[in-house]
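So the structure is just underneath, and the comments pick up after that.
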Amino acid sequence: FSQGLTRGDGTTGEDITSNIATLSDLPKIIKGAPEVLEIRGEVYMDRQAFDALNAAQEVAGKPAYMNRRNAAAGSLRQIDASITSGRNLGFFAYAWGEVSTPTWESQWGFLQQLKQWQFSTNPLIKRCESLDQVLKYFADVGAKRGDLNYDIDGIVYKVDRLSWQERLG
């Protein structure tokens, strides 16, 4: 692990290296990784961590946070990384950016590689091979969405074949 950045405005992000380094879901050394490897993902705050944070805010006489996503984002921007480390944030890896030598041949292969490198991936990730499977997956996730311990905006579908991803943009 060498650097952590926010996505910022899509061009320029904020350096949050000291804060992101406090996350236990982030491996500090990746054995067998390419020389250059940019992993993209999402930092999140689960329900229990959010409730504990707001309880601490109340004790301190400070206003409660309104939602977990903003609380997680604000936690990553703390000047003091010890504040971030006390907020029990999680990280799901899901994509790559710059890579010197990709060793995977598909999106699913990359996700499996992430697990081998000890990254946490979202436990709901599933490979679907037909439209019926995609529609069933959508219904299944929708049915349990309210019971998840973390927030989701929805579902992201990815084409597994990398050459098709490049072609589709």
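Values as computed for the structure displayed
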{"quantity": "Residues of segment 137-161 satisfying the condition of being out of contact with any Ser or Thr (no Cβ under 9 Å at 6 or more places or on another chain) and charged (D, E, K, R)", "calculated": "Asp140, Lys144, Arg145, Asp147, Asp151, Asp153, Lys158"}
{"quantity": "Qualifying residue in segment 95-118 (condition: open to solvent by less than 50 Å² (accessible area, probe 1.4 Å) and either in contact with a Leu (Cβ under 6 Å, 6 or more places away or on another chain) or of a type in the set (Ser, Thr, Tyr) (or both))", "calculated": "yes"}
{"quantity": "All positions within segment 49-79 that are over 18 Å from the mean Cα position of the chain (by Cα) and under 18 Å from Gly4 (Cα atoms)", "calculated": "Gln78, Ile79"}
{"quantity": "Qualifying position, being surrounded by fewer than 16 Cβ atoms within 10 Å (Cβ to Cβ) and either part of a loop (DSSP other than H, G, I, E, B) or in contact (Cβ under 8 Å) with a residue 40 or more places away in the chain (or both), among Gly74, Gly90, Gly61", "calculated": "Gly61"}
{"quantity": "Number of positions in segment 97-143 that are among the acidic types (Asp, Glu) and part of a helix (DSSP H, G or I)", "calculated": "2"}
{"quantity": "Checking Ala55 against (1) surrounded by 12 or more Cβ atoms within 10 Å (Cβ to Cβ); (2) not in a loop (DSSP other than H, G, I, E, B), the condition it does not meet", "calculated": "(1)"}
{"quantity": "Positions within segment 126-143 being open to solvent by 60 Å² or more (accessible area, probe 1.4 Å) and either closer than 19 Å to Glu42 by Cα or of a type in the set (S, T, N, Q) (or both), in sequence order", "calculated": "Lys126, Gln133"}
{"quantity": "Qualifying positions in segment 129-144 - out of contact with any Asp or Glu (no Cβ under 9 Å at 6 or more places or on another chain) and not small (Gly, Ala, Ser)", "calculated": "Leu131, Asp132, Gln133, Val134, Leu135, Lys136, Tyr137, Phe138, Asp140, Val141, Lys144"}
{"quantity": "For Asn88: the one exception among (1) over 17 Å from the mean Cα position of the chain (by Cα); (2) of a type outside the set (A, V, I, L, M, F, W, C); (3) within 16 Å of Asn149 (Cα to Cα)", "calculated": "(1)"}
{"quantity": "Answer residue from segment 144-169, given it is closer than 30 Å to Lys28 by Cβ and in a helix (DSSP H, G or I) and is most open to solvent (accessible area, probe 1.4 Å) among those", "calculated": "Gln165"}
{"quantity": "Conditions (1) without any contact (Cβ under 8 Å) to a residue 12 or more places away in the chain; (2) in contact with a helix residue (DSSP H, G or I) (Cβ under 9 Å, 6 or more places away or on another chain); (3) under 18 Å from Arg47 (Cα atoms): number failed by Pro123", "calculated": "(2)"}
{"quantity": "Selection within segment 11-26 - within 28 Å of Asp147 (Cα to Cα) and open to solvent by less than 80 Å² (accessible area, probe 1.4 Å)", "calculated": "Ile20, Thr22, Leu23, Asp25, Leu26"}
{"quantity": "Residues that are hydroxyl-bearing (Ser, Thr, Tyr) and touching a helix residue (DSSP H, G or I) at 6+ places or on another chain (Cβ under 6 Å), drawn from segment 151-168", "calculated": "none"}
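The values are calculated or read from the model by the stated rules, or taken from the named source; none is laboratory data. Please read these numbers as outputs of a predicted model, since none were measured by experiment. Cβ sites come from the backbone with ideal geometry, for glycine too, and all protein chains shown count toward neighbours. Only protein heavy atoms, including side chains, enter the accessible area calculation; ligands, DNA and RNA are left aside. Shrake-Rupley method; radii C 1.70, N 1.55, O 1.52, S 1.80 Å.
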